[in-house]
Every structure is written in C-alpha cells, then in structure tokens.
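Have a look at the structure below before the remarks.
The values are calculated or read from the model by the stated rules, or taken from the named source; none is laboratory data. Note that this is a predicted model, so its numbers are computed, not measured. FYI the Cβ positions are ideal-geometry reconstructions off the backbone, even for glycines, and counts take in every protein chain you see.
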Amino acid sequence: MSEPQLTILAETLGDALAIERLHERTFGPGRYTRSAFRIREGRGHSLELSYTARIGTLLVGSIRLTPICIGETPALLLGPLTVEPPFRSRGVGSKLIARSIQEAKAKGVKLVVLVGDEPYYSKAGFKRISKGLVKMPGPVDPGRLLVNELVPGAFDGVAGLIRPDWIEASGV
C-alpha cells in the first residue's frame, strides 16, 4: 500500500480555526507563555508565507512566518511549525519549512530566525546565533535561537532585541 499524497498549500483565512485547533492539540495551553508566541501576539503572521500540509482534505501540519526586526534589521520569525503526532517523522515538517523558506527567499527576505532544536532545523540551513548577539523578550534558552541567512552574509553585523515589526519593513 502506498503512502497517501501530501499536499502543501498556501494558508488561507479559512484555515485559521483548523490551525488553532491543531495548535491546541500539539502545544496545549502553555503555548501562550512562550516568548515566540508573545512576539507574534497581536501582530499576525504573513499569510502569503504561511503554509498548510494536507492529506486529502485532512490538515496534518502548518507553518507560519511573522515579520519581525532584530534591532533595526527586518527578518521573519518562523513558527509555530506543527504536525499532527501520527504524521510526524514522515517529512511533513521538513516539506513545510522548505516551502516557506523557498517562498520567503523568492520575495527578497534575507533572514529567518526561530527558537528550536538545532539538530532538526540545521538540515534546513539554520545555525545557532552566538550567545548575547540577539535577545528575545522573555525567557529563551539562547542555545535554541537559530538563524537562516537566505542571502549569504545577511546576518553580518546584526544584533539587538527581536521585536514585532509593527510597520511592514521593505523586503519582508
């Protein structure tokens, strides 16, 4: 028997409730206390750079990218990335990351940051940010702050506080 076909689609406004329910199941109520959630709160993610993974009509995964600034440098914050537990370890998350990074790069984005596990995200080009260079409001393990330079050298000289980009920065 063959594996069901996975489809990666651009997120739509109609996906919001299903994605929220997916986040409830996978992250629980503790998701509201995470520093990354606090940055995204009230800002809204970039719908044009956020994707869903489906098998048939069943939503099995989601990835969102949110405009931020690191100091004064525009970037995107990746997350949340979530996959229904029965569909984990099947490449769903990797395919969602690849699609969102590909589209961000095509739109001229230079940097994407996230809070996550380096062994997993390094496969998609993320590397650890040197301790003390970039700060995130709230408690964050600095060893989990990662960056992906979509343009070589784009992170050179970047430092400061990660904050919501309340005014859409050019190139993001």
Legend entry - Near pairs, Cβ below 8 angstrom, 6+ apart or cross-chain, from the stretch 86-111 (closer than 28 Å to residue 58 by Cβ and without any contact (Cβ under 8 Å) to a residue 60 or more places away in the chain) to any residue that is part of a helix (DSSP H, G or I) and of a type in the set (Gly, Ala, Ser): 94/124; 97/124; 98/124; 101/124
Legend entry - Selection within the stretch 63-102 - of a type in the set (Ser, Thr, Tyr), modelled with pLDDT under 95 and either within 8 Å of the chain's Cα centre (by Cα) or surrounded by fewer than 17 Cβ atoms within 10 Å (Cβ to Cβ) (or both): 66, 89
Inset, instruction - Hey, could you check the stretch 123-161 for residues that are in a strand (DSSP E or B) and free of Cβ contacts under 8 Å to residues at least 24 places away in the same chain and say which is nearest to residue 98 (Cα to Cα)? - result: 127
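Just to be sure before I move on: is residue 105 part of a helix (DSSP H, G or I), of a type in the set (Lys, Arg) and closer than 20 Å to residue 80 by Cβ in the structure I sent? If you could, list the steps in order and put the result at the bottom.
Details: part of a helix (DSSP H, G or I): yes; of a type in the set (Lys, Arg): yes; closer than 20 Å to residue 80 by Cβ: no.
In short, no.
Matching residues to (1) surrounded by fewer than 15 Cβ atoms within 10 Å (Cβ to Cβ); (2) in contact with a strand residue (DSSP E or B) (Cβ under 7 Å, 6 or more places away or on another chain); (3) of a type outside the set (Val, Ile, Thr); (4) closer than 17 Å to residue 45 by Cα:
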| site | (1), (2), (3), (4) |
| --- | --- |
| 107 | yes, no, yes, yes |
| 114 | no, yes, yes, yes |
| 120 | yes, no, yes, no |
| 128 | yes, yes, yes, no |
| 132 | yes, no, yes, no |
| 136 | no, yes, yes, no |
| 142 | no, no, yes, no |
| 146 | no, yes, yes, no |
| 151 | yes, no, no, no |
